[in-house]
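S.K.: Below you'll find the structure I mean.
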Amino acid sequence: MRKRYAFAFAASLILMCGCSDKSGSEENTETASETVIASALTETSVTSESTTVTFAETEPTVTETEPPQTEMPELKENQLEFRSINIAVLMEFTGAEPLNYYPNAVKLAKYSEDDYVLHAVFTVENLTYKSFDFIPQKMILHGRDYGPSFVMQPITENDTGLVASDGFYTIEPDESVSFKIDFVGDRKCIKYADKISYNPDMHFYTNNINADELNNVSVASVVEIEDRITVRNAVQKALEITENEPLPFQFVPSDGDYQLNTEKNSYCFTVEKVRPEGYVVDYIRIKLKIASLTGKADTFEPNGFKLVSSDGKSDVPLYWSFDESLVQTPKINKEITVNGENVTLYDYPFGLYLRSDGTAEYDMYFRYKEGKDYESFNYEGKNDSFCERVETE
């Protein structure tokens, strides 16, 4: 609009000039007109510039993007994972087997021969900005079968052949700690597993930890996985891992050894007549080695081992020598020396077990009767049986 006023004003000046100087020359008229127009254009330019808006320079706009998300590895069939804003727990169940493989655990009052062991490896990561203490013995596995419920808890007693959860782990911010847990309890808890959780109020009679004296233990109190199908599938894989393991070997007898296999076990033994130093009587010593062929524990019956003579009569061992971890309540009878070797003799055991690798050794001492002809070494038990011809002379 201001430009229109400027041009109108310029036009009126031209007319005024024309009226006042009619007698003037044409050249003067053109010059005057050019001057007025030039002046009007100059004013227009200044006015236009005065309305120009100048914006401050700005930095180029940068589009912010979220940091790339770390892709979590896919869980294995025998793994479970719990994750919150404070803690991440990876649980891997590595095997399950009868408690019979661990006689020192079986003989504890709260366990029985029917109980099972569930092996696990836990990795706990601290996602907070301060350290906390994690107490493995407060983990518990729950099982339920249409009403009846079962539990498996970490073993806390030492010297059982199992990993005792008898302490705690201090985990610093952005760090993780891995450790093993051996759960013990009813096998049905593995078969019907439905939940695993961290129970901050759970206490044990052995190696109990005073959580009140530890650091931020409540961080782990939220650890709980209740997806029944997921928990059951992961735990049962541990049972499959162990039960499907083949025995790594069978015995290869040396010269003079007897060797035989049944469907369940491999046996290797020697038979010799010995006289301990200072004794006036002889014994027949049978040194027996056993290896399970099934990957499962066996409980052998001591009175099932017999040395049978040609007249059909049989003798049971008078003394025993074995690894104390293979019996429930070993009771030392006496110390003897046989062929220069110191030997500990034990009274009759209540039961004989295998190690966790499925092997065992039992030495039996039978009273030798002069002139008696022994022809076979037998075992007749609930778990297995064999009859092997032997020579005692």
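The values are calculated or read from the model by the stated rules, or taken from the named source; none is laboratory data. This structure is a prediction, so every number in the text was calculated from the model and none was measured. We place every Cβ from the backbone using ideal geometry, glycine too, and count neighbours over all the protein chains shown. Ligands, DNA and RNA are excluded from the accessible area calculation, which covers all protein heavy atoms including side chains. Shrake-Rupley method; radii C 1.70, N 1.55, O 1.52, S 1.80 Å.
S.K.: For Phe168, state whether it is in contact with a strand residue (DSSP E or B) (Cβ under 8 Å, 6 or more places away or on another chain), over 21 Å from Ile241 (Cβ atoms), touching a residue at least 12 places away in the same chain (Cβ under 8 Å) and open to solvent by 50 Å² or more (accessible area, probe 1.4 Å). I'd like the intermediate steps shown before the answer.
M.R.: On the way: in contact with a strand residue (DSSP E or B) (Cβ under 8 Å, 6 or more places away or on another chain): yes; over 21 Å from Ile241 (Cβ atoms): yes; touching a residue at least 12 places away in the same chain (Cβ under 8 Å): yes; open to solvent by 50 Å² or more (accessible area, probe 1.4 Å): yes.
Criteria met by Phe168.
S.K.: Is segment 339-346 home to any residue that is of a type in the set (D, E, K, R), surrounded by fewer than 14 Cβ atoms within 10 Å (Cβ to Cβ) and over 22 Å from Glu113 (Cβ atoms)?
M.R.: yes
S.K.: Restrict the check to segment 274-284 and report whether at least one residue is more than 45 Å from the chain's Cα centre (by Cα), surrounded by fewer than 18 Cβ atoms within 10 Å (Cβ to Cβ) and among the hydroxyl-bearing types (Ser, Thr, Tyr).
M.R.: yes
S.K.: Which residue is surrounded by the fewest Cβ atoms within 10 Å (Cβ to Cβ), if the candidates are limited to segment 234-273 and must be modelled with pLDDT of 95 or more and outside any strand (DSSP E or B)?
M.R.: Ala234
S.K.: Please go through (1) closer than 20 Å to Ile196 by Cβ; (2) open to solvent by 30 Å² or more (accessible area, probe 1.4 Å); (3) touching a helix residue (DSSP H, G or I) at 6+ places or on another chain (Cβ under 8 Å) for Gly143 and return the number of the only condition it doesn't satisfy.
M.R.: Only one criterion is unmet by Gly143, namely (2).
S.K.: Let me ask something additional. Restricting to segment 152-167, give me the number of residues that are out of contact with any Asp or Glu (no Cβ under 8 Å at 6 or more places or on another chain) and in a strand (DSSP E or B).
M.R.: Total satisfying the criteria: 1.
S.K.: Here is a follow-up. Which one of the conditions (1) hydroxyl-bearing (Ser, Thr, Tyr); (2) assigned to a strand (DSSP E or B); (3) buried (at least 18 other Cβ atoms within 10 Å of the Cβ) does Thr123 fail to meet, given that it meets all the rest?
M.R.: So the condition that Thr123 fails would be (3).
S.K.: Let me ask something else. Only one of (1) closer than 25 Å to Asn210 by Cα; (2) out of contact with any Asp or Glu (no Cβ under 8 Å at 6 or more places or on another chain) fails for Tyr146. Which number is that?
M.R.: Every listed condition holds for Tyr146 apart from (1).
S.K.: Still on this structure, please answer the following. From Phe132, Phe93, grab the single residue that is buried (at least 20 other Cβ atoms within 10 Å of the Cβ) and over 17 Å from Val163 (Cα atoms).
M.R.: Values: Phe93 fails: over 17 Å from Val163 (Cα atoms).
After applying the criteria, what remains is Phe132.
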